[in-house]
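The values are calculated or read from the model by the stated rules, or taken from the named source; none is laboratory data. Keep in mind that what you see is a predicted model, and the values were worked out from it rather than measured. Heads up, the Cβs are rebuilt from the backbone with ideal geometry, glycines too, and the neighbour counts pull from every protein chain shown.
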Amino acid sequence: MNTLALLALSDTGAKALAAAIAILVAAAVAIGMGIAISKALEGIARQPEAEKKISKNLILGLVFLETCVIYALVVAILVIFVLA
């Protein structure tokens with residue numbers, strides 16, 4: 001088979017692949033958020049006196065991760081609906 005034929009995607013296929021990659025990024029970040037929350041709860045359970053410090057850092061980290069997810073979803077929407 002011709003390798004160029006294998007690499008060539010239709011316009012619709014390329015958009016679907018790009019949107020799928022953006023959604024996979026969002027899913028990976030969601031898994032990372034779950035791991036971060038579980039580790040923060042473990043830390044609070046081990047040292048209850050450090051709860052405020054752990055919670056503050058956890059919320060700040062989750063905000064940055066959620067921003068990444070929002071950007072990925074915006075990119076997916078732009079790829080699907082706007083780029084033609």
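Going by the conditions given, is residue 45 over 12 Å from the mean Cα position of the chain (by Cα), assigned to a helix (DSSP H, G or I) and surrounded by fewer than 13 Cβ atoms within 10 Å (Cβ to Cβ)?
Details: over 12 Å from the mean Cα position of the chain (by Cα): yes; assigned to a helix (DSSP H, G or I): yes; surrounded by fewer than 13 Cβ atoms within 10 Å (Cβ to Cβ): yes.
In short, yes.
Among the aliphatic types (A, V, I, L, M), part of a helix (DSSP H, G or I), at pLDDT below 95 and under 21 Å from the mean Cα position of the chain (by Cα), is that true of residue 5?
Working: among the aliphatic types (A, V, I, L, M): yes; part of a helix (DSSP H, G or I): yes; at pLDDT below 95: yes; under 21 Å from the mean Cα position of the chain (by Cα): no.
No.
Just to be sure, is residue 34 over 19 Å from the mean Cα position of the chain (by Cα) and either exposed (fewer than 12 other Cβ atoms within 10 Å of the Cβ) or part of a helix (DSSP H, G or I) (or both)? Lay out the reasoning, then the answer.
On the way: over 19 Å from the mean Cα position of the chain (by Cα): no; either exposed (fewer than 12 other Cβ atoms within 10 Å of the Cβ) or part of a helix (DSSP H, G or I) (or both): yes.
It is false that residue 34 is over 19 Å from the mean Cα position of the chain (by Cα) and either exposed (fewer than 12 other Cβ atoms within 10 Å of the Cβ) or part of a helix (DSSP H, G or I) (or both).
Of all residues being surrounded by 15 or more Cβ atoms within 10 Å (Cβ to Cβ) and among the hydrophobic types (A, V, I, L, M, F, W, C) in the stretch 48-64, which is farthest from the chain's Cα centre (by Cα)? Just the residue, please.
My answer is 54.
Note down all Cβ pairs under 6 Å where the first residue falls in the stretch 43-67 and is on the phi < 0 side of the Ramachandran plot, the second is outside any helix (DSSP H, G or I) and at pLDDT 95 or above, and they're at least six residues apart or on different chains.
Filtered contacts from the stretch 43-67: no entries.
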